[in-house]
Amino acid sequence: QTEKLAFVGLARAIVEADGVTHEAERELLRAIALEAGARIEDVPPRVVDDTLIEAFPTPRSRRAAMLELMGIAFADGSMHRSESAVIADVARQFKIADEDVIWMNRWVARQVGLAAEAERFLAQEGD
């Protein structure tokens, strides 16, 4: 439960980093909080500090969280500079190498593009 709530706080920090919360981000944040059994209003944005790594005990859980956070940053179509700064802070606390962060970011950007492409296919009418 600690990991889930910490993730909700990090997700909120990402969403609120650029000062503008888009509807897609708001809905995503609600869904993430609901999955953690919380209301978004009850979970403050997570401060990125030395205690963060304690909430994500394994390298695998830290990497999975990073990929998810990057996906959240792209929820409005692009990663804002302030969102990128939060991602970089989290990566440092998680001890994820810079080159791995770059690779993960590129991978997530491709996945977001593929998901948008799939939505366009699904939205087409008739055959």
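The values are calculated or read from the model by the stated rules, or taken from the named source; none is laboratory data. None of these values were measured; they are calculated from a predicted model. Neighbour counts run over all protein chains shown; Cβ positions are idealised from the backbone, glycine included. For accessibility, only protein heavy atoms count, side chains too; no ligands or nucleic acids. Shrake-Rupley method; radii C 1.70, N 1.55, O 1.52, S 1.80 Å.
Points to keep in mind about this one:
- Here Lys95 fulfils each of the conditions (1) in contact with a Lys or Arg (Cβ under 7 Å, 6 or more places away or on another chain); (2) on the phi > 0 side of the Ramachandran plot apart from (1).
- Some residue of region 15-35 being open to solvent by less than 20 Å² (accessible area, probe 1.4 Å), over 17 Å from Ile87 (Cα atoms) and more than 13 Å from the chain's Cα centre (by Cα): no
- In region 40-84, the qualifying residues are those that are touching a helix residue (DSSP H, G or I) at 6+ places or on another chain (Cβ under 6 Å), part of a loop (DSSP other than H, G, I, E, B) and free of Cβ contacts under 8 Å to residues at least 60 places away in the same chain, and the one that is surrounded by the fewest Cβ atoms within 10 Å (Cβ to Cβ) is Pro45.
- If you check Gly37, Gly19 for being part of a loop (DSSP other than H, G, I, E, B), over 21 Å from Gly113 (Cβ atoms) and in contact (Cβ under 8 Å) with a residue 60 or more places away in the chain, only one passes: Gly19.
- Criterion (aliphatic (A, V, I, L, M) and touching a helix residue (DSSP H, G or I) at 6+ places or on another chain (Cβ under 8 Å)) met by exactly one of Ala31, Ala11: Ala11
- Any chance Ala24 is farther than 20 Å from Trp107 by Cα, in contact with a His (Cβ under 9 Å, 6 or more places away or on another chain) and among the hydrophobic types (A, V, I, L, M, F, W, C): no
- Filtered residues of region 85-127 (kept if in a helix (DSSP H, G or I), among the basic types (Lys, Arg) and closer than 23 Å to Asp50 by Cα): Arg92
- Any hit, region 87-105, residues being of a type in the set (A, V, I, L, M) and closer than 12 Å to Val15 by Cα: yes
- Meets criteria (closer than 17 Å to Ala88 by Cα and either modelled with pLDDT under 85 or among the hydroxyl-bearing types (Ser, Thr, Tyr) (or both)) for Val15: no
- Residue selected from region 85-127 under the condition among the basic types (Lys, Arg) and over 16 Å from the mean Cα position of the chain (by Cα), by the criterion least open to solvent (accessible area, probe 1.4 Å): Arg120
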